[in-house]
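Laboratory data are not the source of any read-out in this text; all were calculated from the coordinates shown. Keep in mind that what you see is a predicted model, and the values were worked out from it rather than measured. Cβ: placed from backbone, ideal geometry, glycine included. Neighbour counts: every protein chain shown.
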Amino acid sequence: MNGFVKTVATLAMCASLLIPSLASADEPSVPTVQPGGAAVKTDGQTAAGLGLLIGDGGGVSAEYLAKGTTRIQAAIISLRLQGKLEAAKAYEGAGSFADANLAGASNRPILAFLHDHPEYGWTGEGANRFNPLASVSSQQLYKVLLETLGYRSNADFAYKDTEAFASGKGLTSIAGTPALTNAHMAAALVESLSASTAMGHSLFDMLRTEGVLPATATLPAGERISLRRDVAGDAYLADAKGFTLYYFSNDAANLDACQGQCLANWPILTADELRIPAGLDPADFTVVTHANGVKQWMYKGWPLYRFVKDVKAGDTLGEGVGGVWFEAKPDYRVMIGKSAELGGYLTDSEGRTLYYFDKDIPQSSACTESCLANWPAYDATAGNVPSTLNAADFGTITRPDGSKQAAFKGYALYYFVKDTKHGDAAGQNINQVWFTVDPAKFSGTTAGQTAPATPAEQTGKTYRIDIKDYSFGSGPLTVEAGSTIIFTNFDDMKHNAVAVDGSFAGPLLAKGESYTIKLDKPGTYDYYCQPHKAFMTGQIIVK
């Protein structure tokens with residue numbers, strides 16, 4: 001929860017900030033917004049309801065879904081799909097994998113069963129080892145799911161082509177993920193239920209026919225929202241056919257901004273129900289009812305659209321159009337709003353207006369105590385930015401109490417406490433020192449222009465290493481001596497960065513958390529992620 005919501009909660013205004021106000025009865029032309037409620041169902045809920053995921057002591061909870069999936073877990077789930085789990089639990093075969101002792105006693109009969117029945121897709125990792133507690137990749141899971149669908153590895157597809165073959169069968173939701181979480185598992189399982197088997201019917205129908213699922217089982221109705229990745233590797237929302245969903249900057253100030261020809265070019269997302277990936281929060285999906293009675297789905301307060309020039313799944317031709325249309329990404333740090341009165345301006349990920357204080361200087365906030373109560377610090381310090389902005393312009397400052405505050409071009413960003421609903425910008429020009437931030441024009445504050453020059457010893461550059469998809473990036477990072485490097489984790493799984501020579505050792509970072517180091521000594525610094533050191537490595541070269 002960000003600092004704005006915390007502060008406003010103490011002022012008993014949280015509800016009005018998180019839920020856009022409903023139009024009153026005497027204002028029928030104002031769009032009304034309502035929670036998605038029971039019309040939104042996650043893959044985790046579906047997988048749990050069908051008995052495909054059992055969960056742990058707390059069931060299929062958010063905590064369970066965030067955990068990494070092990071190979072033995074994935075094997076158990078695949079055996080359940082194939083109706084062989086009970087037979088595997090009761091198996092008494094003498095042979096097994098050499099490392100079967102790494103699994104719990106209740107799982108050892110399952111490993112013996114898999115050892116003696118390679119036809120169920122789990123042949124181990126060589127040298128008669130199964131590695132039961134290791135993570136499982138999307139390629140490994142898709143191989144087993146394809147075999148469950150009746151397609152044979154090394155006959156219908158080569159292992160190296162597994163994900164391309166799976167894509168042709170409609171299995172794309174977790175593609176390219178090197179280490180799955182249980183949320184990934186839920187998404188892949190639910191997606192696979194609608195896929196066609198080699199015999200021509202759906203997996204869901206086959207499982208009901210074979211008694212794996214009860215004959216009364218049903219799939220959730222409605223539009224399926226998926227997470228895909230663009231050419232930069234960033235996740236974005238797509239519809240059931242894989243077509244990209246977009247935000248419109250003008251909607252920040254007016255939820256009815258897209259009219260006439262705009263709607264012809266940018267059709268809205270409308271459906272009675274939504275099915276969403278397990279990693280997304282159902283509370284982020286709401287419905288806006290426009291003046292004409294049409295209902296449109298929104299994500300984090302932004303109405304969702306398609307683009308008519310996207311002709312196939314995966315097209316993102318609408319990205320950046322007119323500087324106001326952007327892929328609907330789940331992890332924006334900031335967004336761009338636009339209105340006739342303000343022009344372009346920065347908002348948070350939910351469209352709430354951000355401000356700068358003209359008395360601030362770079363890397364420092366002059367707003368404290370009662371000022372801060374009225375102008376809460378915006379503290380989102382990680383995430384994507386719209387493609388028309390320069391990600392390097394966004395950083396953080398450290399407040400006197402040690403907390404972090406988001407910054408643009410070195411200047412702190414704030415909310416205004418009297419902005420109580422979507423589209424409010426009541427803080428603009430308050431006392432001639434508070435202003436919205438036009439990213440195309442902002443170059444600093446009046447105080448900042450006259451501030452003393454920064455001492456030479458503080459001018460080292462800042463670099464960022466974004467941890468995504470179990471990777472530190474595509475290659476070594478070269479920096480100057482004295483540079484600051486900020487590691488930020490964008491994965492659901494926790495990661496850290498540990499230097500081989502002991503120069504630095506960061507804490508485990510949850511999603512959205514950062515860790516900063518400064519390297520003054522020239523040299524080459526190899527580092528790794530402690531929990532995933534077998535494949536997560538990186539290198540920093542200091543000149």
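Amide H to amide H, which residues 5 or more places from Ala505 or on other chains are under 5 Å from it, using H placed in the peptide plane?
Result for Ala505 returns Ala499.
Based on the alpha-carbon gyration tensor of segment 458-542 and its eigenvalue square roots a ≥ b ≥ c, which shape applies: rounded if a/c is under 1.5, prolate if not and a/b is larger than b/c, or oblate?
Prolate, because a/c is 1.5 or more and a/b exceeds b/c.
Using a/c under 1.5 as the rounded threshold, could you call segment 49-213 rounded, prolate or oblate? The axes a ≥ b ≥ c are square roots of the C-alpha gyration tensor eigenvalues, and prolate needs a/b larger than b/c, oblate otherwise.
Rounded is the answer for segment 49-213, as its axis ratio a/c remains below 1.5.
Averaging sequence separations of C-alpha pairs under 8 Å and six or more residues apart, then dividing by the length of the chain, give the relative contact order as a whole percent.
About 12 percent, as a whole number.
Mean residue ellipticity at 222 nm from the helices of the chain, using -39,500 (n - 2.57) per DSSP H segment of n ≥ 4 over the full residue count, to the nearest 500 deg cm²/dmol?
-5000 deg cm²/dmol
Arrange Arg71, Arg129 by Cβ neighbour counts within 10 Å, fewest through most, would you?
Arg129, Arg71
Among Asp466, Asp401, Asp358, rank each residue by its count of other Cβ atoms within 10 Å, from fewest to most, as a rough exposure measure.
Placing the least packed residue first, the sequence is Asp401, Asp358, Asp466.
What nm value, rounded to one decimal, do you get for the distance between Phe535 and Asp331 when each label is placed 7 Å out toward the C-beta?
1.7
Explain nothing, just compute: Karplus ³J(HN,Hα) = 6.51 cos²θ - 1.76 cosθ + 1.60, θ = phi - 60°, for every residue of segment 435-444 in order, whole Hz, x for Gly and Pro.
Values, residue by residue: 9, 5, 10, 8, x, 7, 10, 5, 10, x Hz.
Whole-Hz ³J(HN,Hα) for each residue in segment 368-373, computed from phi via Karplus 6.51 cos²θ - 1.76 cosθ + 1.60 with θ = phi - 60°, x for glycine and proline: what do you get?
9, 6, 4, 4, 5, 5
Within a Cβ distance under 15 Å of Leu171, other residues only, what is the Lys/Arg minus Asp/Glu net charge?
0
Can you tell me the order of 303-315, 187-199 when each peptide is scored by its average per-residue count of other Cβ atoms within 10 angstrom, highest first?
Per-residue mean Cβ counts within 10 Å order the peptides as 187-199, 303-315.
Subtract the Cα-Cα distance of His201 and Lys518 from 0.36 nm times their separation in residues, and report this length gain in nm to one decimal.
Full-extension gain reported as 108.3 nm.
If amide hydrogens are placed 1.01 Å from N in the peptide plane, which non-local residues have theirs closer than 5 Å to the one on Asn489?
Sorted by chain and number, the residues that satisfy this are Ile467, Gly512, Glu513.
Of all chymotrypsin sites (Phe, Trp or Tyr not before Pro) in segment 434-543, which ones are in loop regions per DSSP and have a Cβ with at most 14 other Cβ atoms within 10 Å?
Phe535
If contacts are Cα pairs under 8 angstrom and at least 6 residues apart, what is the relative contact order of segment 152-204 in percent?
Result for segment 152-204 is 25 percent.
Note down the nm distance, to one decimal, between modelled labels 7 Å out along Cα→Cβ at Thr123 and at Val321.
4.7
Would you work out if segment 214-264 is rounded, prolate or oblate? Take a ≥ b ≥ c from the square roots of the eigenvalues of the alpha-carbon gyration tensor; rounded if a/c is under 1.5, else prolate when a/b is larger than b/c, oblate otherwise.
Oblate, since a/c reaches 1.5 and b/c is not below a/b.
Pairs on different chains or at least eight residues apart, Cα atoms closer than 19 Å: how many lysine pairs in segment 190-345 fit?
The result is 7.
How much length would be gained if the chain were fully extended between Lys295 and Ala426, taking 0.36 nm per residue of separation minus their Cα-Cα distance, in nm to one decimal?
Result: 44.4 nm gained on full extension.
On a C-alpha basis, how far is the centre of segment 38-78 from the centre of segment 154-172 in Å? Whole number, if you could?
Between the Cα centre of segment 38-78 and that of segment 154-172, the gap is 24 Å.
Can you return the lysines within cross-link range of Lys518? Criterion is Cα-Cα under 18 Å, with same-chain partners fewer than 8 residues away left out.
Lys404, Lys461, Lys543
FRET efficiency for Asp438 and Glu63, Cβ-Cβ distance as r, R0 = 51 Å, nearest 0.05?
0.80
Ratio of Rg to Rh for segment 75-148, alpha carbon only, Kirkwood?
That ratio is 0.92, to two decimals.
If you take the beta carbon distance between Asp526 and Asp469 as r and set R0 to 22 Å, what does 1/(1 + (r/R0)^6) give as a FRET efficiency, to the nearest 0.05?
0.60
Taking other Cβ within 10 Å of each residue's Cβ, how do Asp284, Asp161 sort, fewest first?
Asp161, Asp284
When the Cα centres of segment 291-357 and segment 418-444 are compared, how far apart do they sit, in Å?
If we compute the Cα centre of each part, the gap is 19 Å.
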